[in-house]
Amino acid sequence: MAVKIVETSLRDGHQSLCATRMTTDEIVAMAEILDRAGYYAMEVWGGATFDSCLRFLDEDPWERLRRIRAVCKNTKLQMLFRGQNMLGYRNYADDVVDLFCKKSIENGIDIIRIFDALNDIRNLRQPVLSTKKYGGSVQIALSYTTSPIHTVEYYVNLAKEIEELGADSICVKDMAGVLTPAAARALFTGLRKNTKLPLELHGHCTGGICEMTYLAAIESGCDIIDTCLSPLSNGTAQPSTQAFNLALAGTLDAPGLDSKVLNECEPLMEKTKQKYLANGMLNPKALSVNPNILTYQVPGGMLSNLMSQLKAQNAMDRYDEVLKEVPLVRKDMGYPPLVTPLSQMVGTQAVLNVLMGERYKIVAKEIKDYLKGRYGKSPAPIDPVIIKKIIGDEKPITCRPADLLSPEMPAIRKKYPELIKCDEDALSLALFENEAKDFLSRKYGLEEDTEEFEINVKELKK
Ligand code: CO
């Protein structure tokens, strides 16, 4: 059967390669062309794009979504959603999750890809219920990693639970690009035997094996693959859309995308890429193959974060040491898959362990919360000695972390009456309070400087 393609350059491509800095104008211009190519879907929103709009680009993320929707008449729009963390880095209360799913769908999202960094099914329940309630399609992504407990059987059991939960499709999310062709063959064969749901594969080219892995997965029952238009493909991003479209042409798997349309978008994306290479947002190091990834299991986004953290500390010479420390911290933490927010947490802790000269001398608050059970259940049990060293005698929680949270929206609405003109504003504030406060103050002309300026203008007009 024809393989379906999800174009990811406008979300994961620029998130992996150029720190999520592509602007709405750039994205809309490309989305408008790509809409005619015949994709199954385009991933254009979620992940780090929301944060990046508010924090770095002075853009309204909701406006971006509406503008993309307006130019995409033919293609389903997909977003990435981190379970109870949504697009942020902590657990949010159920009322925030529910309203966020509602507004994402209302503003133009068709498919919400939901995952939990720990594959803790309890963290998926609310977003799945809400997405279905508002008519969205639910895709649940299994965070893929290798460890003594992450076997084919583990993922097959997870897939069965996910099917029961009400997912419309299942994605294997290999954020670090560590899935080998042989492992993909075993995994997709196992999944295909045990679920009727469409299966998708999301990989990264960091380790240099992703195309081979995609092909093995396709031959073993994978229905959908994620690819990036070539300028933003490979390196720490996904394989090239055009390459797959051509490689599978003439076979039963041929995706059948319109290559003229892809070629039409190519120069536009190439020009954008050159801009980010020139301004340093695209580190050329992210473009080349790094087989060490297969050993260290560091996803693309995390790799560029580690580089910038070390650069800021003037410690790029410790890069290899930090890379070696990452799997050790991961093992100590019970083998969490390295995906947001766990990738940042484990990465930062690895940097601290190396730069401090003593392991766990300083421990980030997030790692402490993780050990207290606030992110969910660790995949493997954690050594009590490590727990004791980091959180002392405090007893970790065992319930669903969000069960401890009271509704958050009423307090946000009460706190910022002048900045909230719609639910979308309230959600921006609920997710990224400080960044959204600054952004919305500018947007609605409530900054002190702006007020004075407006008064002056009025005076002048008199
Ligand atoms: Co990815």
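The values are calculated or read from the model by the stated rules, or taken from the named source; none is laboratory data. None of these values were measured; they are calculated from a predicted model. Quick reminder, even Gly has a Cβ in these numbers, built from the backbone with ideal geometry, and neighbours come from all protein chains shown. Calculation scope for accessible area: heavy atoms of the full protein, side chains included, ligands and nucleic acids excluded. Shrake-Rupley method; radii C 1.70, N 1.55, O 1.52, S 1.80 Å.
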Point to revise | Per DSSP, loop chymotrypsin sites (Phe, Trp or Tyr not before Pro) in segment 322-398 with at most 16 further Cβ within 10 Å | key: 360
Review point. Near residue 424, within a Cβ-to-Cβ distance under 10 Å, what is the net charge of the other residues, with Lys and Arg +1 and Asp and Glu -1?
Key: -2
Review point. At a 1.4 Å probe radius, carbon and sulfur cover how many percent of the accessible area of segment 291-398?
Key: 53
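Quick check: at a probe of 1.4 Å, how many percent of the accessible area of segment 4-284 sits on carbon and sulfur atoms?
Here it works out to 54 percent.
Hey, if we sort 365, 260, 132 by accessible area with the 1.4 Å probe, largest down, what's the order?
The residues order as 260, 365, 132, largest area first.
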**Study point:** Anchor residue 415: lysines whose Cα lies under 18 Å away (excluding residues fewer than 8 positions away in-chain)
**Key:** 437, 443
**Study point:** Most to least accessible of 281, 22 (protein chains only, probe 1.4 Å)
**Key:** 281, 22
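Summing -39500 (n - 2.57) over the DSSP H runs of n ≥ 4 in the chain and dividing by its residue number, what mean residue ellipticity at 222 nm do you reach, to the nearest 500 deg cm²/dmol?
When only DSSP H runs of four or more count, the value is -14000 deg cm²/dmol.
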Practice item. Report the full-extension gain for the segment residue 186 to residue 356: residue separation times 0.36 nm, less the Cα-Cα distance, to one decimal in nm. Key: 57.1 nm
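Taking every eigenvalue of the Cα gyration tensor of segment 291-398, multiplying by 5 and rooting it, what semi-axes result, largest first, whole Å?
After scaling each eigenvalue by five and taking roots: 23, 15, 11 Å.
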Exercise for review: Sort by residue number and name the cysteines in the chain that have no neighbouring cysteine Cβ under 4.7 Å.
Suggested key: 18, 53, 72, 101, 171, 222, 228, 265, 399, 422
Exercise for review: Over the chain, give the accessible area per residue in Å² for a 1.4 Å probe, as an integer.
Suggested key: 41
Check your understanding: Share of antiparallel DSSP beta bridges in the chain, in percent to the nearest 5?
Key -> 5
Exercise for review: Using a 1.4 angstrom probe on the protein heavy atoms only, line up 442, 36, 113 by accessible area, largest first.
Suggested key: 36, 442, 113
Practice item. Within segment 324-338, find all residues whose amide N lies under 13 Å from a label point positioned 7 Å from the Cα of residue 383 along Cα-to-beta-carbon. Key: 328-335
**Study point:** Where Cα atoms sit under 20 Å apart: lysine pairs in segment 153-306 separated by 8 or more or lying on different chains
**Key:** 9
Check your understanding: For the chain, rounded, prolate or oblate, judged on the Cα gyration tensor with a ≥ b ≥ c (square roots of eigenvalues), a/c < 1.5 rounded, else prolate if a/b > b/c?
Key -> rounded
